[in-house]
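Participant: Below is the structure I would like to discuss, written out as structure tokens.
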Amino acid sequence: AQSVTQLGSHVSVSEGALVLLRCNYSSSVPPYLFWYVQYPNQGLQLLLKYTSAATLVKGINGFEAEFKKSETSFHLTKPSAHMSDAAEYFCAVSSHSMIYNQGGKLIFGQGTELSVKP
Amino acid sequence: KAGVTQTPRYLIKTRGQQVTLSCSPISGHRSVSWYQQTPGQGLQFLFEYFSETQRNKGNFPGRFSGRQFSNSRSEMNVSTLELGDSALYLCASSLGRRGPNPLDTEAFFGQGTRLTVV
């Protein structure tokens, strides 16, 4: 079975500060990992994805994430927070075997709400 | 290229009624997945349709059902509504092809339908 744990339901940073949102996964098979962002009353937008190529993945809006197998982590970072980054962020997992057997199912973490202070 | 379109955006229903939500996927996408998002349970997978067939199902009661049409548009139906069904319902479309390329299942989300049951 696969699962995702996001550490911290709320994270608050100052504008210009480093953003670090934590995600740990559990998977018995090599995972595919995703970060999505959700603005209020909106759907989910894909920020970046890890699909077993480079372990450091760059996404949109200056975000990046590093896949660390030894730590089963896929933390999301951004060097300098902007007010427009305030939103909820979701980490999700899928897998090659899941894709083969179960199509497009994603398993999501509980989400982390990011606040950015001026 | 148009994105995923969900209608309506907002719905208010009374307990015991039934409701139908609609999702039009991105042109060329054959897979449509449905998710329920609530503050308590987070994002939970409902089911996935591919080429008019339900390919995968989450752990929801039989009151939740769906279908997909030949043009890949999908509808989700909830019968005998309960207060706990109040949620944001998100649909995601993807190419949906099974195989070694995870990009075939990269999910694009609609803006969701906010259902309130009173």
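Participant: Return a yes/no flag: does the range B:52-66 have any residue that is within 14 Å of chain A (Cβ to nearest Cβ) and under 19 Å from B:Gly3 (Cβ atoms).
Facilitator: No: zero hits.
Participant: If you don't mind, another one. Restricting to the range A:51-66, give me the number of residues that are buried (at least 21 other Cβ atoms within 10 Å of the Cβ) and within 14 Å of chain B (Cβ to nearest Cβ).
Facilitator: Residues in the range A:51-66 being buried (at least 21 other Cβ atoms within 10 Å of the Cβ) and within 14 Å of chain B (Cβ to nearest Cβ): 1 in total.
Participant: Take the conditions touching a Phe, Trp or Tyr at 6+ places or on another chain (Cβ under 9 Å), among the basic types (Lys, Arg) and within 14 Å of chain A (Cβ to nearest Cβ) and apply them to B:Arg30. Does it pass?
Facilitator: Values: touching a Phe, Trp or Tyr at 6+ places or on another chain (Cβ under 9 Å): yes; among the basic types (Lys, Arg): yes; within 14 Å of chain A (Cβ to nearest Cβ): yes.
Yes, satisfied.
Participant: Can you run down the residue pairs with Cβ atoms below 9 Å, 6 or more apart or on separate chains, where the first is in the range A:101-114 and surrounded by fewer than 21 Cβ atoms within 10 Å (Cβ to Cβ) and the partner is at pLDDT below 95 and basic (Lys, Arg)?
Facilitator: Sorted first by the residue in the range A:101-114, then by its partner, the pairs are A:Asn101/B:Arg98; A:Gln102/B:Arg55.
Participant: Could you say which residue among B:Arg67, B:Arg97, B:Arg30, B:Arg55 is among the charged types (D, E, K, R) and within 19 Å of B:Gln111 (Cα to Cα)?
Facilitator: B:Arg30
Participant: I need the strands (runs of 3 or more DSSP E) fully contained in the range A:1-100, keeping only those with at least 3 residues that are closer than 24 Å to B:Glu48 by Cα.
Facilitator: A:3-7, A:31-38, A:44-50, A:87-95
Participant: Hey, can you tell me all the residues within the range B:71-94 that are in a strand (DSSP E or B), of a type outside the set (D, E, K, R) and surrounded by 14 or more Cβ atoms within 10 Å (Cβ to Cβ)?
Facilitator: Passing the criteria: B:Ser74, B:Met76, B:Val78, B:Ala87, B:Leu88, B:Tyr89, B:Leu90, B:Cys91, B:Ala92, B:Ser93, B:Ser94.
Participant: Return the residue satisfying two criteria in turn: it lies in the range B:50-70 and is modelled with pLDDT under 95 and at negative phi, and of such residues it is surrounded by the most Cβ atoms within 10 Å (Cβ to Cβ).
Facilitator: Among those residues, the one meeting the criterion is B:Phe50.
The values are calculated or read from the model by the stated rules, or taken from the named source; none is laboratory data. Remember, predicted model here, so these are calculated numbers, not experimental data. Using ideal geometry, Cβ is built from the backbone for each residue, glycine included, and neighbour counts are taken over all protein chains shown.
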